[in-house]
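Enquirer: One structure is given below, represented as structure tokens, and several questions about it will come after.
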Amino acid sequence: MAKYQVFANPTVQKVIFQVRFPNLFYMEQRIGEYQQQIIDRFPTSHMMVKRNFFMASVSQAVEEEEPPPPPKGLETQPIWNFISEDGVELNVLSDSLDITSTVHKTYNNPSESMRFRDSIEFAVNNFLEVVQLPKFTRLGLRYIDKCPVPKQDNKTYKAWYKTAFPLTRFPVSDATEMLFRVRCRRKGYFLHYREFFRETGNGPSLNLDFDGYATDVPSGDYLAVTDQLHDIIGAEYKASIKEPLLKHMREAKRRRPKKGGAKKKAKRNKKAKKRRAKT
């Protein structure tokens, strides 16, 4: 996740941006105006209902340990869901806005036409035109990376990752599941880091999860704060990986041959050879 580098085979699986604000009871009257502002980029829309009795009153895109209770007097909460043609999702609730992407490969590479930062700026700027907010109570940026583990042993794991796991005491070859998590301060903001390894039926799996967030952010500063959170996450990602993983990301994915493809090709060649012999 280097600042201006785009990898052919990135590990990032999902990137999420979210802002929270005090519950706005008039959101339902303003959402149509907001939809008109964004419809060119987010043409598909749905309205869903979240039951606060079963779920937290905020979007679960950026989770907390103990989400706040639902607003009093609201048994349900509407979610206005907007989807772009390439699958980026934008959710608006009466107290939050979040954007989730599984397709972006860069945050702000100037040579790329599809940047996650542009999606954030477009969605939030248009939102602030419709809903005048002096500040956001919370702003979060989260990256979830699915990383390869070529071989389940300490030597390979340490060669690929600067791990937080105590592998001397708990070798990865013996582990069925390991989780390390820390919530800490970084440059005046907060970072929640998770390293999660588990053994699956398809082989070993590793997730690196970086959730950076700030509180009480003036609405005019939201993009600058998001940039700073991105830099913090990028530095932490770099501090978690080693050169073999970088090499893996630089290499384009190899396409698997279709099942039975070689046999079908040999059969076609055999038929063609017979036709040539007859002529």
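Enquirer: Hey, if you drop one equal point scatterer on each alpha-carbon of the stretch 12-253 and run the Debye formula without solvent, what base-10 log of I(q)/I(0) do you get at q = 0.10, 0.13, 0.14 Å⁻¹?
Expert: -0.54, -0.87, -0.99
Enquirer: Can you compute the label reach from LYS155? Point 7 Å from Cα along the Cβ direction, backbone N cut-off under 17 Å, restricted to the stretch 231-250.
Expert: 244
Enquirer: Could you tell me which of the pairs LYS105/LYS135; LYS50/LYS146; LYS155/LYS238; LYS105/LYS242; LYS135/LYS238 are separated by over 26 angstrom between their Cα atoms in the structure shown? Intermediate values should be presented prior to the final figure.
Expert: On the way: LYS105/LYS135 29 Å; LYS50/LYS146 29 Å; LYS155/LYS238 20 Å; LYS105/LYS242 20 Å; LYS135/LYS238 31 Å.
Result: LYS105/LYS135; LYS50/LYS146; LYS135/LYS238 exceed 26 Å.
Enquirer: Please list, in order, the residues from the stretch 177-214 whose amide nitrogen is less than 18 Å from a point placed 7 Å along the Cα→Cβ vector of GLN5.
Expert: Answer for this model: 208.
Enquirer: Could you please rank HIS104, HIS46, HIS248, HIS230, placing first whichever residue has the fewest other Cβ atoms within 10 Å of its Cβ?
Expert: Listing HIS104, HIS46, HIS248, HIS230 from fewest to most nearby Cβ atoms yields HIS46, HIS248, HIS104, HIS230.
Enquirer: Hey, fewest Cβ within 10 Å first, where do ILE241, ILE99, ILE79 land in order?
Expert: In order of increasing Cβ crowding within 10 Å: ILE79, ILE241, ILE99.
Enquirer: Also: For an R0 of 51 angstrom, estimate the FRET efficiency from the Cβ-Cβ distance between LEU128 and ALA239 and round to the nearest 0.05. Can you show the working numbers first?
Expert: On the way: r = 34 Å, r/R0 = 0.67.
It comes to 0.90.
Enquirer: Right, here's the next one. Once you keep just the Cα pairs under 8 angstrom separated by 6 or more residues, what percentage relative contact order results for the stretch 12-253? Could the numbers behind the result be given before it?
Expert: Values: 423 pairs, mean separation 48.9, N = 242.
Computed value for the stretch 12-253: 20 percent relative contact order.
Enquirer: May I pose another question? List every residue whose amide H lies under 5 Å from the amide H of PHE42, counting only residues 5 or more places away in sequence or on a different chain, with H placed 1.01 Å from N in the peptide plane.
Expert: Hits under the 5 Å cutoff: none.
Enquirer: Now, a different point. Let's test this: bin the Cα-Cα distances of the stretch 154-213 at 10 Å from zero up to the farthest pair and state each bin's percent.
Expert: With 10 Å bins starting at 0, P(r) equals 20, 49, 24, 7, 0.
Enquirer: Could you calculate the contour length gain from GLU85 to HIS46, that is, 0.36 nm times the residue separation minus the distance between their Cα atoms, to one decimal place in nm?
Expert: This chain segment gains 12.6 nm when fully extended.
Quick note: the coordinates plus some simple rules give every number you see, no bench work behind them. Only a predicted model underlies this, so the values are computations on that prediction, with no experimental measurement involved. When we count neighbours, we look across all protein chains shown, and the Cβ atoms used for this are built from the backbone with ideal geometry, even at glycine.
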